[in-house]
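One structure is given here, and the rest of the page talks about it.
The values are calculated or read from the model by the stated rules, or taken from the named source; none is laboratory data. Model, not experiment: these values are computed from the prediction. Here the Cβ positions follow ideal geometry from the backbone for every residue, glycine too, while neighbour counts run over all protein chains shown.
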Amino acid sequence: MPQLDRRPTKPIMVLINGNECVVDAGDSAAAATIRAGLGWTRTSPVTGDTRAPYCLMGVCFECLMTIDGETSVQACLVKVRPGMRIDMQSGAPSLVE
């Protein structure tokens, strides 16, 4: 019977909304935010409602976050790495830097 790989992974430190968090190496940035207890990862640019990761496979775009300064990154498709900065995204990203 198929089974999830439950071998322990190396813990690493990332910054989530400026707070140091220990997460498992190999996790996606979206999974790291869920493990950190965040209830949402962005706000809708249209309604302002909070949104959270849903499909965790790159289809729904609900996990858009700012990662290492880059806006609108699908957090479910990015593996965490030591020192990574993961921030919630509020509304639409600015097109002018």
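Here's a check for you: in the range 16-33, which residue that is touching a residue at least 12 places away in the same chain (Cβ under 8 Å) and acidic (D, E) is surrounded by the most Cβ atoms within 10 Å (Cβ to Cβ)?
Only one residue tops the list, namely D27.
Looking at the range 34-85 only, could you name the residues that are modelled with pLDDT under 95, surrounded by 12 or more Cβ atoms within 10 Å (Cβ to Cβ) and acidic (D, E)?
E62
What pairs come out if I take residues in the range 86-97 that are surrounded by 13 or more Cβ atoms within 10 Å (Cβ to Cβ) and pair them with residues that are among the aromatic types (F, W, Y) and at pLDDT 85 or above whose C-beta lies under 9 Å away, six or more apart or interchain?
Once the first residue is surrounded by 13 or more Cβ atoms within 10 Å (Cβ to Cβ) and sits in the range 86-97, its partners that are among the aromatic types (F, W, Y) and at pLDDT 85 or above give M88/W40.
Among R81, R51, which is over 11 Å from the mean Cα position of the chain (by Cα), among the charged types (D, E, K, R) and within 23 Å of P11 (Cα to Cα)?
R81
Hey, can you tell me all the residues within the range 25-48 that are of a type in the set (S, T, Y) and within 10 Å of the chain's Cα centre (by Cα)?
Selection gives S28, T33, T41.
Say we look at the range 54-78 and pick out the residues that are more than 11 Å from the chain's Cα centre (by Cα) and outside any loop (DSSP other than H, G, I, E, B); which of these is nearest to Q89 (Cα to Cα)?
For the range 54-78, the residue satisfying everything is T71.
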